[in-house]
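Derivation of every value follows stated rules applied to the coordinates shown; laboratory data play no part. Predicted, not measured: the structure shown is a model, and the values here were computed from it. Heads up, the Cβs are rebuilt from the backbone with ideal geometry, glycines too, and the neighbour counts pull from every protein chain shown.
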Amino acid sequence: MSFCRGHDQGKKSLDKKISCHCIKTSDLICDTKRNIDLSQSIDNNDNDENWIIPITIINNQSDCCLTKCLMTKNQEIIHVNINSSSSMEEQNNDNEPLIKKRRCLSLTSNWFKLNICSGGPYRVFYSSDMLDKLTHAIIKQELNIFDRFNLENDMYALAMGGFTSLVDYLRLLLNAYINELDDELVWKDIESNIIRIGTLLEYDKQLFDFYRNFVIFFHQNLYQRIGSISNNNEDESVARSRLRCFLLVIL
């Protein structure tokens with residue numbers, strides 16, 4: 001996984017370079033412990049200053065916070081207990097400028113999500129395996145609205161920043177959000193991103209035609225759910241009316 005946020009490095013002699021502050025991680029499961037190795041840098045430069053970054057981690061028990069800590073060093077390891085026991089360990093390190101607490105709690109499944117219920121100061125780039133597990137969690141409705149929005153919005157930002165392929169973002173939409181029920185937050189962001197992507201592809205007719213076919217297919221279930229005209233018996237929200245207008249344009 002990698003986490004990143006846009007960071008302006010300032011104007012250099014010839015150009016102004018835009019880069020990202022990244023946290024790269026490796027995930028290792030050994031016996032009953034999951035070790036998440038975090039390291040932060042800008043452009044892989046070891047001399048970069050470190051950020052103080054809040055890290056929050058949950059699993060499918062949405063009300064259970066597995067880990068809360070502040071990342072203050074260039075490299076840190078967070079220990080997460082994946083044993084079936086319900087024990088909790090709390091570790092304090094008084095040698096650091098800010099006291100960091102690491103909590104270890106039992107996992108009932110093997111997926112986890114960072115940056116709980118918020119956009120946070122960084123973007124989260126999951127490995128393909130973990131992204132597949134989160135996709136299944138969305139299908140099973142194990143993630144709340146804010147975490148579903150956060151995951152989708154992060155993938156779009158990472159694709160636009162060149163950290164992952166645009167195909168990966170479209171694949172996530174198709175696999176995880178084709179049956180999305182939230183009209184206000186999640187669909188609003190999806191439609192905004194779809195429009196922006198379309199403006200990038202409109203000058204290549206063949207590519208734009210492929211993209212339009214994808215958009216039409218992706219919206220079929222939404223069209224069946226909300227229809228082409230409003231139901232006079234329902235108290236329709238502004239968000240649903242906006243979605244219906246968008247559907248009428250593309251379909």
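A few remarks follow.
- Here the label points at residue 128 and residue 201, each 7 Å from Cα along the C-beta direction, are separated by 2.0 nm in the simple model.
- In the range 109-157, the trypsin sites (Lys or Arg not before Pro) that fall in loop regions by DSSP, at most 10 other Cβ within 10 Å: 140
- Nearest-0.05 FRET efficiency for residue 75 and residue 167, computed from C-beta distance (R0 45 Å): 0.90
- The eigenvalues of the Cα gyration tensor, multiplied by 5 and square-rooted, give the range 125-174 an equivalent ellipsoid with semi-axes of 18, 11, 9 Å from largest to smallest.
- Computed extension length for residue 237-residue 68: 57.2 nm, one decimal, from 0.36 nm per residue of separation with the Cα-Cα distance subtracted.
- Legend: P(r) of the range 126-251 from all alpha carbon pair distances, 5 Å bins from 0, whole percents, reading 2, 10, 21, 22, 20, 14, 7, 3, 1, 0.
- Take the Cβ atoms of residue 178 and residue 51, set R0 to 35 Å, and the FRET efficiency comes out at 0.45.
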